[in-house]
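K.L.:
Take a look at the following structure, please.
The values are calculated or read from the model by the stated rules, or taken from the named source; none is laboratory data. This one's a predicted model, so the numbers in the text were calculated from it and none came from an experiment. Positions of Cβ are generated from backbone atoms using ideal geometry, with glycine treated the same way; all protein chains shown enter the neighbour counts. All accessible areas refer to the heavy atoms of the entire protein, side chains included, with ligands and DNA or RNA removed. Shrake-Rupley method; radii C 1.70, N 1.55, O 1.52, S 1.80 Å.
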Amino acid sequence: VKFRDLLATARDLDADALATGHYVRRLMGSDGAELHRGVDPTKDQSYFLFATTREQIDFLRFPLGGMSKDTVREHAARLSLPVAAKPDSQDICFVPNGDYASIVAKLRPGAIDPGDIVDRDGVVLARHDGIINFTIGQRRGIGIGGTETPLYVLRIEPDTRRVVVGPRAALARDTIILNGVNWLGGGELLAGKTDITAKMRSTQLPVAGTVHAGLDGGAIVELTEPEFGISPGQACVLYDGDRVLGGGWITRDQQASKAA
């Protein structure tokens, strides 16, 4: 809504810019406006804005990106704003009680259908009450005890409602395939490898790697060291230092040859 309908409304009103409260910075570079991490690492929202287009960044302003949250609160108190001491939001705004499962159940009823928990060979180990209760890399709450080595969720198969589990080593990935890529670096994303750091989760520290163009507007990210728990459907956001180079959606990945 903010970066589509609200931008369109701002342009209809002949506004000079649209300002939002995101903790991210808009800095001018040699090729125009760039997207950079917010200076407060605990509040930085650049991971969530990787799909912002160049045209949108030209029109957007982020006045809070250069401040810490404490400084923002001080300004709010100075201006007698009633939200100056408002607690930080911990949830998605339209899921105020944190009950994500009920939202997903309404949108995808099949996610609460029971199914099998199987090993990598397809052997049924247990039953589950819906794939909605699992995520890639999950260890606790799988419902299988007494195994020689801990089991992790390796893969979720929505069509068959199967949850595939196995050892942690099987989660290791050093190659990630992306689609829906939005590239904000200089020029176009090329077939040659570009050094980057990447985040596969918003709270993760960036990890080193390279990126190059893939098929049909996609990209291939190769990590210097394998990561664990990479899940299709997550965003992979690419950085050059503090600058957001863009990112895309993880579609499939290859098991790391470096994995133990």
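K.L.:
Looking at ARG54, is it at pLDDT below 90 and within 22 Å of the chain's Cα centre (by Cα)? Spell out the reasoning first.
P.N.:
Values: at pLDDT below 90: no; within 22 Å of the chain's Cα centre (by Cα): yes.
In short, no.
Yes or no, residue by residue, for (1) under 17 Å from the mean Cα position of the chain (by Cα); (2) open to solvent by 20 Å² or more (accessible area, probe 1.4 Å); (3) β-branched (Val, Ile, Thr):
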residue	(1), (2), (3)
LEU151	no, yes, no
ARG155	no, yes, no
VAL181	yes, yes, yes
LEU190	no, yes, no
LYS199	yes, no, no
ASP216	no, yes, no
GLU225	no, yes, no
GLN234	yes, yes, no
GLY247	yes, no, no
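K.L.:
Within the range 94-143, which residues are without any contact (Cβ under 8 Å) to a residue 24 or more places away in the chain, assigned to a helix (DSSP H, G or I) and closer than 17 Å to THR160 by Cβ?
P.N.:
PRO109, ILE112
K.L.:
Among (1) touching a Gly at 6+ places or on another chain (Cβ under 8 Å); (2) in a strand (DSSP E or B); (3) hydroxyl-bearing (Ser, Thr, Tyr), there is one condition THR160 misses while meeting the rest; what is its number?
P.N.:
(2)
K.L.:
Sticking with this structure for a sec: Looking at the range 25-48, is at least one residue farther than 23 Å from ASP88 by Cβ, within 23 Å of the chain's Cα centre (by Cα), touching a residue at least 24 places away in the same chain (Cβ under 8 Å) and open to solvent by less than 40 Å² (accessible area, probe 1.4 Å)?
P.N.:
Within the range 25-48 (the criterion being farther than 23 Å from ASP88 by Cβ, within 23 Å of the chain's Cα centre (by Cα), touching a residue at least 24 places away in the same chain (Cβ under 8 Å) and open to solvent by less than 40 Å² (accessible area, probe 1.4 Å)), the answer is yes, since at least one residue qualifies.
K.L.:
Among the residues of the range 161-178, is there at least one that is on the phi > 0 side of the Ramachandran plot and open to solvent by 30 Å² or more (accessible area, probe 1.4 Å)?
P.N.:
Looking through the range 161-178, at least one residue is on the phi > 0 side of the Ramachandran plot and open to solvent by 30 Å² or more (accessible area, probe 1.4 Å).
K.L.:
Of all residues in the range 191-233, count the ones that are touching a helix residue (DSSP H, G or I) at 6+ places or on another chain (Cβ under 8 Å) and of a type in the set (Asp, Glu).
P.N.:
Number of matching residues: 0.
K.L.:
Within the range 75-93, count every residue that is part of a loop (DSSP other than H, G, I, E, B) and either at pLDDT 75 or above or surrounded by 10 or more Cβ atoms within 10 Å (Cβ to Cβ) (or both). Write out each step before concluding.
P.N.:
Initially, the range 75-93 is screened for residues part of a loop (DSSP other than H, G, I, E, B), giving 79-93.
Keeping just the survivors that are either at pLDDT 75 or above or surrounded by 10 or more Cβ atoms within 10 Å (Cβ to Cβ) (or both) gives 79-88, 91-92.
So the answer is 12.
K.L.:
Let me ask something else about it. Test each condition in (1) part of a loop (DSSP other than H, G, I, E, B); (2) touching a residue at least 12 places away in the same chain (Cβ under 8 Å); (3) of a type outside the set (Val, Ile, Thr) for ARG11 and report the one that comes out false.
P.N.:
(1)
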